[in-house]
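First the structure, in the form of structure tokens, and then the observations on it.
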Amino acid sequence: MNTRRMALFALPLIGSLTLAACGSQGATSTAASGSTPPMVLSVDPGSPLYTDNWNPFSPNAVWGQAWIYETLYYIDAQNGHQTPWLATSYKWNSPTQLTFTIRPGVQWSNGTPFTANDVAFTFNMLNKFPALDTNGVWTVLKSVAAKGNTVVFDFKTPDVPAFTYIAETPIVPESIWSKVKNPVTYTDPHPVGTGAYLEKSYTPQEFVLVKNPHYWQASKVKVQTIDFPVVSENANTVWLNLSEGKYTAANAFAPNIQKIYISKDPKYRHIWFAPSGASNLLMNLTKYPFNNVTFRQAMAYAINRPKVSSKGEYGYEPLASMTGLTLPANNAYLDKSLVAQYNYHYDPAKAAQLLSSMGLKKNSQGLLVGPNGPISFTMIVPTGFSDWIEDAAIIQSNLKALGITVNVQTPSVSTWVSDMQTGTFDMTLNFGLNQYNPYFYYESDLATSNSAPIGQDATSNYERYSNQNVDNLLNEYAQSTSATQQKQIIDQLEQVMLQQVPVIPMFYAANWNEYDNRYYVGWPDASNPYVTPTYALPDVEMEFTHLKPR
Amino acid sequence: MRYLVRRGIMLLLTLWSAITLNFLLPRMMPGNPAEVMLAKFKGKGNMGPQAIHAIKVMLGISNESLFKQYLQYWQEIFHWNFGVSYTYFPFSVTHMIDQALPWTLTLIGVTTVLSFVIGTLLGIWAAWTRGSLLDSVVTSVLTFTSSFPYFWFAMIVVFLLAFVTNVFPNSGGYGSQMSPGFNLSFIASAVYHSILPAVTILVSSLGGWQLQMRNNMISALNEDYVVLARAKGLPERVLAISYAARNAILPNMTGFAMSLGFVVSGAILVELVFSYPGMGTLLYNAVSNEDYPLMQGIFLMIVIGVVMANFVADIVNVALDPRIRRGGGDS
């Protein structure tokens, strides 16, 4: 969540200066014809130097570890498609028992064979050192054991969606990690993995990976060398480097990417800001007037969501579906007739009509008055999130037109987080969860188990939505291994979203992603979205079996 | 001697209150850094309570009483142990400061000394030749350059010298492929990378020293003892250096000692613009990531630096100014 806002030091000046002054590019002229220069990825911020930490379970590890360690399955974050990776197949023996069959012939980069024991060891290590278990797989697991070339996962309670977290856990070699005394503080300075790349060199300002010649699908890996220069702390420097063409690909945010990047070499330079989960407008459902469904529906009509997306978010983050589904990736789940039936759009007249149906009337000063006086509340957005602050201003003016007073406050990020967790807010914006299929989005935002009484920390249901019917649906989904049944449940949850408006999905958060296909091709884009270019595990597994020199 | 003892007691009192404030301030901030940290450690799924507890223990987040924490805090300080950094976990605060400090001491230390020496000399010279064409040109140019907004100026320099003409690198402390070490190519690369930041610091800070020295010097030149010395027929050079400049430099010395103390904190804007791997960038990262242990460690270094520099300045003043020695320190 901290990769997206880099505009703190944005100087409008530099954007316009670069326009005027750069006609020729430095980097493009240096490459000799015939040879392909190494790929240069500007993705790992370092801040400002790398620390020599390759531990795949550490939140502060260098991003390079994602090219070294692998997962059991690759799961497409956009649509949930599964590709067997270190496992060749899996099977639910029952909703509480899952078996993976391990891929034969895979080697660790130190030459020892990869076995089912490594998988069982990795998961049992997460159990022994709970600080490593950041996805909480052991909140549902009972035991993990290797049996021949299979690994059997026994669950305490049925939880089919937990498959995703198990499948995406990086697997480490038992021969090395069993000797590590405390894997939580271990920095893994010479990583041994099964992945497509090896660490070639490391300095605090740059690390280099080379192709692993013994990789189990070596024939698919065509990029020989990848350089990771540390990303500058100064966004302006990143923009200068982007504009100069110093990177093959980057994940930088820039307010005017067309001008500073694409226009300098439109033939080769491209962007694809893959949409990820919907960011939501949260309303505190324990408070008046947000505890009234009609009021929430009125908000959905009153707020000019297209303008928030196109102006507040520079048009980089497209308008979200009111169902919360990530489109177009989740089109298969979308119940179009339902969407047409509710037909949410910007319509202040309809909003005014809904508000007056609640008995709210404007007083002589034009303020909308409820039983406790004029309706007014506070909206908090974290300081420094300049686009969200702009969004809040748009919302403020939309609601003012209806006689509702919104005070916008910008607390520090930590105050914002803890206000959401404890439920001490009226209205705010927050990231939605994006992964695999709509269940995760609905579960995190709507499940009562993720809520908490006001004053106590909620896990992710900050608006405090609670609905027995929804909880039952989510439980049913978690126990179901049938795709048809799962889709039916999702359809019913879509209806809840549209009818109850527990949150208002605003826009899809973007994955910043710029790439130059002068030397390397095969990048994912809107027409071939085979992976989300996050440059993190497990997406790099998939992406780097597709990229190749031109 | 009494003067020094009194100064010494003041030094200890200042240190104690600064360190105590350093302990209290983060704990009085709104918001809960532990929660933010947990949010960072959290994966895509929801962590179990055991995991949350384990991470809190690992980061040293405690639920003990404030007083107990305060005692522990003092104990840790005497062991030069500031805990683990949240942002760079599992690396310790001490490790991160060790990495950043040499860069800042070299770049900011050298430029501070250079800026003071050159600025002061220029000030003396300008005051001596006051009213001349050279004086007005030098003084007004320096006044102009020192009023540049630093960030803007540095970005222009980067843009012209590191982007349009590509003469200097635009960021970093040394060539990205190099490993820090004591060899010629590394040092050469470090010097090459430090030229732009050093020049921008000099340009923007020279004016302050020069102007202050020039003003002090001009008022000293009007003092009776200078008139008397001139009447005695002392050579001009002795008059300028030993009589006027020696007295005029006293306020500048105190300012210099203060800025030496602040060297430890780095120069946040400079280091951010150039992505320089020093204390300023570290502090910026600590603040923007709400990394309280790291912030406390850095603030402690700054406090010690400034307080010690003040103490040294007092001692130097005793050496430079006989009035303090004789007056028993009341001046």
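Calculate the dipole size of the protein assembly as shown relative to its Cα centre from +1 charges on Lys and Arg beta carbons and -1 charges on Asp and Glu beta carbons; express the result in debye to the nearest 20.
Charge dipole of the protein assembly as shown: 1220 debye, to the nearest 20.
Using alpha-carbon pairs under 8 Å, 6+ residues apart, how would you state the relative contact order of the stretch A:276-510 in percent?
Contact order relative to length: 34 percent.
Which of the residue pairs A:Lys128/B:Lys56; A:Lys220/A:Lys246; A:Lys211/A:Lys267 have a Cα-Cα distance greater than 20 Å in the structure shown?
Long pairs (Cα-Cα over 20 Å): A:Lys220/A:Lys246; A:Lys211/A:Lys267.
What is chain A's relative contact order, in percent, from Cα pairs under 8 angstrom and six or more apart in sequence?
Answer for chain A is 21 percent.
Where the centroid of each part is defined by its Cα atoms, how far is the stretch B:42-109 from the stretch A:295-320 in Å?
If you average the Cα positions of each part, the centres end up 41 Å apart.
Counting other Cβ atoms within 10 Å of each Cβ, which chymotrypsin sites (Phe, Trp or Tyr not before Pro) in the stretch B:140-247 have at most 12 and sit in a DSSP loop?
For chymotrypsin sites (Phe, Trp or Tyr not before Pro) across the stretch B:140-247 that sit outside H, G, I, E and B with at most 12 neighbouring Cβ atoms in 10 Å, the list reads B:Phe182.
Going through the stretch A:134-218, which trypsin sites (Lys or Arg not before Pro) have at most 15 other Cβ atoms within 10 Å and a DSSP loop state?
Sparse-neighbourhood loop trypsin sites (Lys or Arg not before Pro): A:Lys156, A:Lys179, A:Lys181.
What is the mean number of Cβ atoms from other protein chains located within 10 Å of the Cβ atom of each residue in peptide B:47-56, rounded to a whole number?
For this peptide, the per-residue mean of nearby foreign Cβ atoms is 6.
Quick one: 3J(HN,Hα) in Hz for the stretch B:311-324, Karplus 6.51/-1.76/1.60 with θ = phi - 60°, rounded, Gly and Pro as x.
4, 4, 4, 4, 5, 4, 4, 4, 5, 7, 10, x, 4, 5
Of the lysine pairs in the stretch A:276-510, how many meet both conditions: Cα atoms under 26 Å apart, and a spacing of 8 or more in sequence or different chains?
Eligible lysine pairs with Cα atoms under 26 Å apart amount to 17.
Using 1/(1 + (r/R0)^6) with R0 = 35 angstrom and r between the beta carbons of B:Val110 and B:Leu4, what's the FRET efficiency to the nearest 0.05?
The computed FRET efficiency comes out at 0.75.
How large is log10 of I(q)/I(0) for the protein assembly as shown at q = 0.05, 0.07, 0.09, 0.10 Å⁻¹ when the intensity is taken from the Debye formula with one equal scatterer per alpha-carbon?
So the normalised log intensities work out to -0.35, -0.66, -1.03, -1.22.
Put a dot 7 Å past each Cα toward the Cβ at B:Ser242 and A:Asp457; how far apart are the dots in nm?
Each label point lies 7 Å from its Cα, and together they span 7.1 nm.
Subtract the Cα-Cα distance of A:Gln365 and A:Asn117 from 0.36 nm times their separation in residues, and report this length gain in nm to one decimal.
82.0 nm
Considering the options A:Ser449, B:Gly131, B:Ile61, tell which one lies farthest towards the positive end of the dipole of the protein assembly as shown, charges being +1 on Lys and Arg and -1 on Asp and Glu at the Cβ, about the Cα centre.
B:Gly131
Using +1 at the C-beta of Lys and Arg and -1 at the C-beta of Asp and Glu, which of B:Val191, B:Leu260, B:Ser85 has the Cα lying farthest in the positive direction of the dipole of chain B?
B:Leu260
Other chains near A:127-133: what is the mean number of their Cβ atoms within 10 Å of each residue's Cβ?
6
Distance between the C-alpha centers of the stretch A:504-527 and the stretch A:326-364? Whole Å please.
Cα centres, the stretch A:504-527 to the stretch A:326-364: 30 Å.
Relative to the Cα centre, what is the charge dipole magnitude of the stretch A:119-277, using +1 at the beta carbon of each Lys and Arg, -1 at the beta carbon of each Asp and Glu, and rounding to the nearest 20 debye?
Values: 15 positive and 12 negative charges, 65 e Å.
Here the size comes out at about 320 debye.
Calculate log10 I(q)/I(0) of chain B for q = 0.07, 0.10, 0.11, 0.12 Å⁻¹, where I(q) comes from the Debye formula with a single equal point scatterer on each Cα and nothing for solvent.
-0.41, -0.77, -0.90, -1.02
Please state the charge dipole magnitude for chain B, taken about the Cα centre, from unit charges on C-beta atoms (+1 on K and R, -1 on D and E), reported in debye and rounded to the nearest 20.
Taking the Cα centre of chain B as origin, the dipole is about 480 debye.
Find how many whole Å separate the alpha carbon centroid of the stretch A:241-256 from the alpha carbon centroid of the stretch A:143-194.
Result: 36 Å between the Cα centres.
For chain B, calculate the relative contact order in percent as a whole number, restricting contacts to Cα pairs under 8 Å that are 6 or more residues apart.
That works out to 26 percent.
Positive end of the charge dipole of the stretch A:276-510 (Lys, Arg +1 and Asp, Glu -1 on Cβ, about the Cα centre): tell me which of A:Gln500, A:Ile303, A:Pro411 has its Cα farthest that way.
A:Ile303
Only the coordinates and a few stated rules stand behind these numbers; no lab work does. Just so it is clear, the structure is predicted and the values come from calculations on it, not from any experiment. Ideal geometry is used to build each Cβ from the backbone, glycine not excepted, and the neighbour counts take in all protein chains shown.
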